[in-house]
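As structure tokens, the structure follows; a few thoughts come after it.
The values are calculated or read from the model by the stated rules, or taken from the named source; none is laboratory data. What you are looking at is a predicted structure, and each value in this text was computed from that prediction instead of being measured. Cβ: placed from backbone, ideal geometry, glycine included. Neighbour counts: every protein chain shown.
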Amino acid sequence: MQTTRRNLFKFLGGSAVGVMFTPAPWRLITDTALWSENWPGIPRPVRGEIKTRYTTCALCPAGCAVRARLVGEQPVALMGVPAHPLSLGALCPFGLTGHHLPYHPERLKQGPAHEAAGAVANAIAQCGPNERIAVLDLRPGRTASWTYRRAMAAVKNGVYLTAPRPLGGAAVNLAAARTVLSIGVPLLEGWGTPGNVLAARAGFRLIQAEPFESRTAALADLWLRINPGSGRSLALGLTAQLEGKAMPAQAAAETGLTESQIADLAADLAHNGPALVLAGEDVPEVAPLNRLTGAWGKALIARAEAPVPDSWKKAAPPAGLASVPDGSIRALLIDESVPGDYIPWNAIAPKLVPDNPVVVAFAWSRNGYGRHAQFTLPTAVYPEMTGDAPAATDSPAAAFRISTPLVPAPAGMVDPAAFIAGAAGMDASSALRERADAIHKTGRGTLFTCADAKSTPVKEVKPEDFWKALNEGGCWVDAAGKPSAPVEETGWQAKTPAPQEASDLPLLVALTDLPGATGLISPLMSKLYQESNLRLGPNRAALNPASAAACGVSEGAHAVLQTRLGERPIQVTVSASVPPGVVEVGASPEILDICGAFSRARVAQS
Amino acid sequence: MDRQFITRGVKRCSTGKFLLWLGPWAAMLLFGLYCAGLCLVKGLNQTNMDNRFVFGLWIFLDLTVIALGAGAFFTGFLVYILKVEELKSVINSAVVIGLVCYSGAVCILMVDVGQPLRAWFTFWYPNVHSMLTEVTFCISCYLMVLFIEYLPIALKNRKLREVPSFLVFEHEMHKVMYVLAGVGTFLSFFHQGSLGGLYGVLRGRPFAFREGLGIWPTTFFLFILSAAAVGPSFILLTTWMVEKIAGKRLVRPGTLQLLGRISGLLLAVYVLLKTVDTIVWINRTSPGSGFPAEQFYAWKPFGTWILFAEIGLFGIVPAIVMLTPKLRARTGWLVSAAAMASVGVALNRFVQTVQTLSVPTLSFDKFMTYSPSWQETGTFLAVVAYGVLVYSFSFRYFRVFPEERELAFQAAQTEEDPALLRI
Amino acid sequence: MIAANGNNKAKRYGMTIDVDRCTGCGACMVACAVENNVPPAHEGATDRKGITWIRVFKVDNGEDYPDKRTVFLPVLCQQCGEDTPCVHVCPQQAVDVDPATGIVGQMPERCLGCRYCMAACPYHARYFNWWDPEWPAGMEKTLNPDVAPRMRGVVEKCNFCHGRWHAAKQRAAAAGKKEIQPGDYVPACVEACPAAAIRFGDLNDPAAEVARGAKDPASFRLLEKLHTEPKIYYSSRRDWVRRIGDAPRPPMGKENPRG
């Protein structure tokens, strides 16, 4: 064929028509769809080798076992460990998103560690005879807690403070309970070890006595609506009934129940025992009540801690804030590095010396004591930290498990145990190892290893292997305890009931639990409180529609919560499930600083 | 100064006055374009639509303007297929209105979808079971038909027809106008219907779901009928409004009455069929889905009043007015009835979109409320402004009302006898 | 779409959810978001503009104390088996039912964002990306590499963690097996539930727990009379809970309870 222009065009034209019969142009057209799939701003997940690591969650005292899925060295998902003897494979929403915490926007990245160390050293040196150096530990029982106790024993006038232990440090064995009467305890909302509570749930009848319908009350077999703050009266009434004595008149009057209701309840507890009665530290009458209901020794038992090295026994005893005279603390070091119960600042402030007290807070963010402390030092957040978890409230046996870091902590983080030990002139860097060795030496209990889900008696494990297993998410569980002897209730400090608050504040405050209150929560938790109505979000207050109208606020309005102690900006949620005359708020540190349970408040437009 | 572009024999205001008229509409258009731009750039979070109210102001108004713009196809059908010659005086206006209604609706749809750049996917991966595929195809084709129908109107401009090829083209177009009208009618039949079918097929929304003929739910046919009924009404309304604003006689008085009669007749048939459909729905379709129909109307504020308003007050009442010759002869009554008919159709579209989404389907759900954001309202106002601008431009420079010149001449002759003038 | 392999019987994956066990903790909601790279809420998001592929509702019986009873109900895509509403209405065929698994799959890459499927879904299980996804700085490192994040303007919904199904198929193939081992493919919400309230499996397999649960008289599905044949079976011993699957009852003068 001649190469003429005409032939060339004919060839090109023919090819064009021919290519339409091939998949090529059609594929190309569909491929242009790819351009509309991903814009530059959308992140692309990084690929890499998939690994598994085990650790222990540090977000609450339950210390659930965690199986982390890592891509390269980065955790991308956390799940429970199904065969684990204590947590039974469960993880709560906070535990499931723990791997996000290192990237939380409010996470502290730096702090004046040297200055703080200097100030503390000065304070120790200048501490007067009637003054104290104090450590406030928001989650006692850890190995770090022992370091603080030892440090405070080494420091002159050192004192180790904690919040009162629930139930005086006794342990709960839910599997042995046939009935549980919970006076305001959020049993099904993250109490104890969720996996364990839920596994035992079918075995007991739950009666929830509290003034407002919490999630636990909604899920309980019976919800008894008692007046706010009347838990003690209820306990007294039940005690009298079970002892065969006359019921005090105040029992019915203050709780709002009838005498026959209280009598029926007492009969229920007596006939369907062992009946466990749970309450907060504001109802000390619960201890003798548990003896009367047959719970003592079965569902409520004394439990020792995991063994510690003998050299540690020289340690300051745990004490409550009430035991410290006002105006006597020269330096206060607050370990907020693991989420724990927040003690309102107005309970702490009077205990400080009036002139230049030194307050150091070790925290993940500035939201807790960082608002009041002189020095806020950043600590490693949960997946970065090394620590340990003692057995939770609902573990009948002692336990020891280590939180191993899943990711390295950034530079500039302070280890509170190292800091406080250093201030006392001690070296506690190998405290965890020493404790593990002490536990291993006793030869008691079993070691559970996550990877193979096997429990091995400690006697058959070498010390090196024991330590290695603990660092890979392993868990030591003590042997079944001896029958318990009644334990003195140390640490029961009944809170003096708050004075009647001004009634010109029309609303009653109902605090909803906000676990992780002193820590950070993953931004993904917005699924639960912003993108659904499941929980009340932080900085949100819920009002009944009638109450909202009376306050002149509507859904989503920015308002102010005012109490006797102060005020705080909040955003309003209107919900018919909140009773009229009540304002429901999450118990964040900022809220707890201005109101306690059943305080009175007003909501005003801002 | 643009006198040379204006048709001979008709009066138009001065250029300055015209620009003054355009000014606020242009400003509204700019504002609306800004709103639309916000929605395109920042995303649909600029609207108040949400996961429960996935269709809001835009879809409701889209359906309404498409129904109101149905005058274009229906008048075309009447003029070119059924040879109703009296309506030739309004066919151009109907085409312009149809064009602005449909092009405006399509523009809003491009803002309403989350991924406008993927609009071609419907043509490339069509789903033959989906009513929305049908709507997309038919509306796109019909928009092209409308553009083609609009061309002759534009090309007849006094200046443009000086170009010989334009004149020839326009003449040739006119010869095949009936083909276009036929195609337009066919396409409109299907897309008006499938717009109704959009909601009628939703078995997950028993409030809107209807049984039907074959694959088409009854709402398919009811939408066609209501669009055909309201089309002439809207043309009547707009013609009257333009006459008022321009201060001129544009059509013979009988034309408006003819439009009214056609509209009234179709509206009456529609109301009858709609009533039957509603009764069937109340007694069979809705209970068959497990949803007793009364419970839909127990959600305040949408009580049964809305049903009676749609079928009664804005349905049968304007139909009766437009069918009664004595009332039809009085412009006030006629125009009011046309307006009420338009409102009735808008109410029907509202019920199908907004009310359907507001009533809960799950037993633990609440009644949902929605009100549009200013960005949504602004975007719609852009379409209104665009419509007014295009219509004003067309009215000034093109022979939108062919009888205007003749009527103006007659009016000039009878200027000494004002009694013969009737506005 | 994956054609059903002639050797394997087609599966119909489904769930049974024991709502008597659900405590409303929300672990399923959060685990789902972690697995599927769902972003945290944008600042302006509410419960009507957020993305929660699975969402737990607190439902009560409308009475006051002491007769008030409450249940927590997780709602996710019901994976309708019959006349799947969303499949029929998508103009781009961005939704399909996989005949090999029965899973209703959504292709965000083809979605135009017209939201017609969302209007069609009676369970409100579909979610629109009103905003572009945004994670706090550094948190995008924690994204799951098996799932592509979506951009704004597209619809997404639960797909029974289809990425995990693919991974399970690959594991089975690597082990030389034709079928996924039961228990090897489990969606994130099932794995995460601390109360073990959600069970997952093949409804076509008579030995599977879900198949037995589906036949339990105490089980119910949502809006059964619509004949969408959902594959999520809820179960409860309580009569009033079983009636939750019926049509809504408007309040007669009383404020409707929070849902």
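Of the residues making up the stretch C:72-107, just one is over 13 Å from the mean Cα position of the chain (by Cα), under 23 Å from B:Gly114 (Cβ atoms) and either modelled with pLDDT under 90 or among the small types (Gly, Ala, Ser) (or both), namely C:Ala94.
If the condition is being at the interface with chain B (Cβ under 8 Å from one of its Cβ atoms), surrounded by 24 or more Cβ atoms within 10 Å (Cβ to Cβ) and outside any loop (DSSP other than H, G, I, E, B), then the stretch C:86-102 contributes only C:Val89.
Quick check on this structure: which one of A:Thr32, A:Thr52 is modelled with pLDDT of 95 or more, out of contact with any Ser or Thr (no Cβ under 7 Å at 6 or more places or on another chain) and on the phi < 0 side of the Ramachandran plot?
Working: A:Thr32 fails: modelled with pLDDT of 95 or more.
Unique residue meeting the criteria: A:Thr52.
Going through (1) closer than 25 Å to C:Trp135 by Cβ; (2) touching a Lys or Arg at 6+ places or on another chain (Cβ under 8 Å); (3) without any contact (Cβ under 8 Å) to a residue 12 or more places away in the chain one by one, C:Glu43 falls short only on (2).
Note on the stretch A:360-375: residues that are crowded, with 24+ Cβ neighbours inside 10 Å and either touching a helix residue (DSSP H, G or I) at 6+ places or on another chain (Cβ under 6 Å) or in a strand (DSSP E or B) (or both) total 5. Of the set (1) small (Gly, Ala, Ser); (2) in a loop (DSSP other than H, G, I, E, B); (3) under 24 Å from C:Met29 (Cα atoms), all apply to C:Gly105 but (2).
Do any residues in the stretch A:371-386 that are within 24 Å of A:Arg433 (Cβ to Cβ) and not assigned by TED's automatic domain parsing to the domain that holds A:Glu590 have Cβ atoms under 7 Å from those of residues that are in a strand (DSSP E or B) and of a type outside the set (D, E, K, R), where the two are at least six apart or on different chains, and which pairs are they? From the stretch A:371-386, the pairs are A:Thr379/A:Phe362; A:Thr379/A:Ala363; A:Pro383/A:Pro75; A:Met385/A:Ser403; A:Thr386/A:Ser403. Contact map, the stretch A:455-469: residues that are within 17 Å of A:Ala438 (Cβ to Cβ) paired with residues that are in a loop (DSSP other than H, G, I, E, B), Cβ distance under 7 Å, separation 6+ or inter-chain. Pairs shown: A:Val458/A:Gly443; A:Val458/A:Arg444; A:Val458/A:Gly445; A:Lys459/A:Gly443. For the stretch C:131-159, residues that are facing another protein chain (nearest Cβ under 7 Å), in a loop (DSSP other than H, G, I, E, B) and under 28 Å from A:Asp31 (Cβ atoms) total 11.
What helices (runs of 4 or more DSSP H) lie completely within the stretch A:124-232 and have 2 or more residues being more than 14 Å from every other protein chain (Cβ to nearest Cβ) and at negative phi? Spell out how you get there, then give the answer.
Values: elements: A:143-154, A:194-200, A:215-219.
It comes to A:143-154.
For the stretch B:181-296, the helices (runs of 4 or more DSSP H) that sit wholly inside it and include 3 or more residues that are surrounded by fewer than 18 Cβ atoms within 10 Å (Cβ to Cβ), free of Cβ contacts under 8 Å to residues at least 12 places away in the same chain and not aromatic (Phe, Trp, Tyr) are B:253-280. For A:Ser430, the stated conditions do not hold, so it cannot be described as touching a residue at least 12 places away in the same chain (Cβ under 8 Å), at negative phi and of a type in the set (S, T, N, Q).
Taking the stretch A:249-294 as the range and being in contact with a strand residue (DSSP E or B) (Cβ under 8 Å, 6 or more places away or on another chain), assigned to a helix (DSSP H, G or I) and surrounded by fewer than 21 Cβ atoms within 10 Å (Cβ to Cβ) as the test, the residues that pass are A:Gln261, A:Asp268.
Looking at C:Arg199, C:Arg238, C:Arg221, C:Arg243, just one residue is within 11 Å of chain B (Cβ to nearest Cβ) and of a type outside the set (Asp, Glu), and that residue is C:Arg243.
With respect to being facing chain B (nearest Cβ under 10 Å) and among the hydrophobic types (A, V, I, L, M, F, W, C), C:Cys77 falls outside the description. Among the residues of the stretch B:19-47, the ones that are over 26 Å from the mean Cα position of the chain (by Cα) and under 30 Å from B:Glu404 (Cα atoms) come to 2 in all. Only one entry in A:Ser260, A:Ser311 is under 20 Å from A:Asp221 (Cβ atoms), of a type in the set (S, T, N, Q) and more than 28 Å from the chain's Cα centre (by Cα), namely A:Ser260. Apart from one condition, C:Cys117 fits all of (1) hydrophobic (A, V, I, L, M, F, W, C); (2) surrounded by 24 or more Cβ atoms within 10 Å (Cβ to Cβ); (3) part of a loop (DSSP other than H, G, I, E, B); the exception is (3). One residue stands out among those in the stretch C:57-91 that are free of Cβ contacts under 8 Å to residues at least 40 places away in the same chain and touching a Cys at 6+ places or on another chain (Cβ under 7 Å): the one that is nearest to B:Trp216 (Cα to Cα), which is C:Val89. Of all residues in the stretch C:45-71, those that are at the interface with chain A (Cβ under 7 Å from one of its Cβ atoms), within 20 Å of the chain's Cα centre (by Cα) and of a type in the set (A, V, I, L, M, F, W, C) total 2. Could we say that A:Gly89 is away from chain C (no Cβ under 14 Å), under 20 Å from the mean Cα position of the chain (by Cα) and surrounded by fewer than 22 Cβ atoms within 10 Å (Cβ to Cβ) here? Here the answer is no, as A:Gly89 does not meet what is asked. Among the residues of the stretch A:295-311, the one identified as touching an Asp or Glu at 6+ places or on another chain (Cβ under 8 Å) and surrounded by 19 or more Cβ atoms within 10 Å (Cβ to Cβ) is A:Ala306.
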